[in-house]
């Protein structure tokens, strides 16, 4: 696989090859998928439906997406990867409740073996990493009621640069050796494949695993890891139990988002025993915020993806364990109907993805791709629910139920996801009405100056909200005053309380982000006191200077890059900041500018005082003949200039945009429609005139 990001560093190519034996073992966790939010058991109700298709391999394996752990994302081939770590993860599965939540597989990735086979052609575990051998580790894991997975490649060597033995030409011997060790799961990578047809290589290992199972009685779940290069979703349903649909994930928002978008359209190919695999989880590895990790976990679950923990659980925070252990979200992933969620809408980065559940409910993800809060809305009808007087709506992160007349909506924070489960429920009135909070506009303020915000509290329920009040709170020293009523005696269905607020950060407040909270309190018809909160992020900004300034000299509101950070006055580098090269386009070197990797976005505060953005743009010369990108300039959500697709062979292209009156100017680079390989993009001599 091509490395999609760096100049020189070869990225390790891997795939999460996973499996689930829960249905056969009768070990499926008692999660919310079996229960209506009201507590009623719906497993024998008329709403229950049969799965749409039998398992493709008809062997009873991976009837729900595999759940477990793989060490690669946190350790790679580091010295901490050894039998002590593997057994410690198995221990934590039990003590932290992850086993009870449904996680079963503890999987070894590359570097577990010695670089050469023995005299009999057998694989040899590295005695430094696994002094007691793989079978001893498997016995330890099995004693915990868990399962062990292993890794190799469908080539002559694995993907690591050290070149450990691959299985090409050794399929039957290796499969029998794995089964004899007690392996339950095989991740089969794609490196050093010698140009042999992918379907042939992966089918040979399928047959070898079947033969090993017949001989030893050890069933092994088989995950195909050829990175989606040959569209395995079209041919692999009777070859493996799951298949990678994309290249490798990395611990960044842009990587996760890119993979998410590649996997979403493949919903028709997933089902019990045959799953799309968008790669392992990065939750907890530190490259994203907890909000972004909740999105990662929510979207993998609604896509019925394998859930393979990729962080070292021995170091996991309470927030990480809370995300990974959310049983209501896991129930969405593990629903036995086996449907992958499908896109209902995706306009302007406001995504609605819905998944049909076996009990007739729908799981609905309201996902905000953008860098600003967004109201995202759909309806019960749009997500496939039957007409009803009202519905029960269960928030799977807040663990609260409410009733709705049919609207499903929320103000979703940047890069956030609201995940709900919606039922056509006769007992909807047992829950309080859903009240949606929102704020018009974006809270950008200059220190010492007053910003006006308008909040809304809207009753989405079939029942009225009574004695409604809203409050806005913020950091010490901030002044927050209501300029219009913030109370209402009652809100009928669809009724809204709108309140105008004067928000003033203190004089001298440093530029940066500050937390505000909008809260609504109300009584349900049953007299229950309900409180809902909407976290907000306010920014104290610095007005742009008069005249023309280089954007690389100005502070930005936000900055994202597809690989590594946005660089000032150099090209895009590796992961650390400040390691880029001189910006060079068409042989011309530029002293000033911004270096990014697609997809990327930068936002600047213009404050209505600026008129023009100009730059010379293109793919940096350092990428040789590779790279295709497109540049865009946006003013307050309106695209005001774009280049179309540019290649490395093209000289620098001028771009100029009228941004008169805009509060926020946004610079965007997309991948040109062909993926992100080598997409180092430069905003050379980028300037803002105010």
If you take the square roots of the eigenvalues of the alpha-carbon gyration tensor of segment 540-599 and sort them as a ≥ b ≥ c, do you get rounded (a/c under 1.5), prolate (a/b over b/c) or oblate? oblate
Residue list for segment 415-441, given a label point 7 angstrom along the Cα-to-Cβ vector of residue 513 and an amide N cut-off under 15 Å: 415-417
DSSP-defined antiparallel bridges as percent of all bridges, segment 435-541, nearest 5: 95
Roughly what % of DSSP beta bridges within the chain run antiparallel, to the nearest 5? 80
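Assuming R0 = 25 Å, what is the FRET efficiency of residue 482 and residue 290, from their Cβ-Cβ distance, to the nearest 0.05?
Between residue 482 and residue 290 the formula returns 0.25.
Between residue 579 and residue 234, 0.36 nm times their residue separation minus their Cα-Cα distance comes to what?
Values: separation 345, 0.36 × 345 = 124.20 nm, distance 4.16 nm.
Contour length minus the Cα-Cα distance gives 120.0 nm.
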So for segment 435-541, Kirkwood radius off the Cα pairs, Stokes-Einstein at 4 °C and 1.567 mPa s: how many µm² s⁻¹? 90
Let me have the relative contact order for segment 548-689, percent, based on Cα pairs under 8 Å that are six or more residues apart. 32
Zone residues, segment 212-227, relative to residue 139, backbone N less than 20 Å from point 7 Å out along Cα-to-Cβ: 216-219
For the chain, what is the largest minus smallest coordinate of the Cα atoms on each principal axis, given in angstrom and ordered from greatest to least? 80, 71, 40
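Please order 191, 77, 610 by the number of other Cβ within 10 Å, starting at the fewest.
Working: 191 22, 77 17, 610 25.
Ordered by Cβ neighbours within 10 Å, fewest first: 77, 191, 610.
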Given labels modelled 7 Å from the Cα in the Cβ direction, how far is it in nm from residue 689 to residue 469? 5.4
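We did not get these values from a lab; they are worked out from the coordinates using the rules stated. Nothing here was measured: the structure is a model prediction, and the numbers come from that model. Note that we place each Cβ from the backbone using ideal geometry, even for glycine, and neighbour counts take in every protein chain shown.
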